[in-house]
Amino acid sequence: MGGTLRCGAAIAAAAASAALGLTACSAGGTVQTLPSAPQTAAPAPSAGVSVQAAPSVLPSSITGVLVLRAYAGFWAAQVKALDSGTVTGSGLQTYSIGAALSGAYTDSQRLNRAGLLMSGAPRSNPSVTEIGTVAPSSGVQSATVQDCLDITGWHQIDQKTRQLRDPAHRLARYRVTATARTVGGVWMISDVHENTGQSC
């Protein structure tokens with residue numbers, strides 16, 4: 001529990017970078033290197049996707065870093081799926097389950113039906129605000145991630161002509177709240193709520 005810790009540009013990194021799982025903030029706002037992630041951690045996002053993140057974690061929390069790795073991986077996979085028009089090979093099943101996974105599939109299908117793709121990538125500034133246990137007997141952990149998603153550089157385009165097809169009115173920065181949980185010891189994103197009506 002407790003407050004979030006932010007160190008902004010000091011650890012600004014691409015969400016696609018494996019370094020996201022190896023760096024955290026100390027209470028003084030400096031960067032500290034953490035031990036390598038355990039074997040149960042989800043793999044780092046593909047280096048070919050340019051989702052960017054300036055992550056914040058709970059003080060001295062390796063768990064928080066692993067949660068942010070899963071969150072970054074989810075967005076990297078979603079960018080890949082929406083850019084290609086198919087969820088096959090995107091990695092969404094590696095980083096998400098439940099409502100988060102089904103929602104990503106639905107988004108892909110909706111865009112395909114409209115003859116659209118997404119081009120570019122969002123920018124992310126996530127913070128782990130809470131880590132807890134779903135049920136003491138189960139050993140399943142849960143966490144909450146708060147984010148301000150910036151979609152200024154992420155656009156809807158026509159699948160055939162590649163011309164810009166953004167909605168007439170769209171909020172370029174909005175609040176996102178995500179829930180993560182452990183599945184067999186691996187952190188995965190289980191729910192994502194995008195508040196597209198709340199600027200940040």
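The values are calculated or read from the model by the stated rules, or taken from the named source; none is laboratory data. Small disclaimer: the values here were computed from a predicted structure and weren't measured. Note that we place each Cβ from the backbone using ideal geometry, even for glycine, and neighbour counts take in every protein chain shown. The accessibility values were calculated without ligands, DNA or RNA, using every heavy atom of the protein model including side chains. Shrake-Rupley method; radii C 1.70, N 1.55, O 1.52, S 1.80 Å.
Side notes on the structure shown:
- Subset of segment 88-113 [free of Cβ contacts under 8 Å to residues at least 24 places away in the same chain, β-branched (Val, Ile, Thr) and under 21 Å from residue 179 (Cα atoms)]: 106
- Residue check, residue 180 open to solvent by less than 20 Å² (accessible area, probe 1.4 Å), assigned to a strand (DSSP E or B) and among the aliphatic types (A, V, I, L, M): yes
- Test: residue in segment 62-74 that is within 19 Å of residue 176 (Cα to Cα), crowded, with 23+ Cβ neighbours inside 10 Å, at pLDDT below 95 and not hydrophobic (A, V, I, L, M, F, W, C): yes
- Every test in (1) touching a residue at least 12 places away in the same chain (Cβ under 8 Å); (2) out of contact with any Gly (no Cβ under 7 Å at 6 or more places or on another chain) is passed by residue 137 save one, and that test is (1).
- Considering 137, 119, the condition of being among the small types (Gly, Ala, Ser), modelled with pLDDT under 95, open to solvent by 20 Å² or more (accessible area, probe 1.4 Å) and not in a helix (DSSP H, G or I) is satisfied by 137 alone.
- Among the residues of segment 90-116, those identified as open to solvent by less than 20 Å² (accessible area, probe 1.4 Å) and within 20 Å of residue 72 (Cβ to Cβ) are 90, 92, 95, 96, 100, 104, 108.
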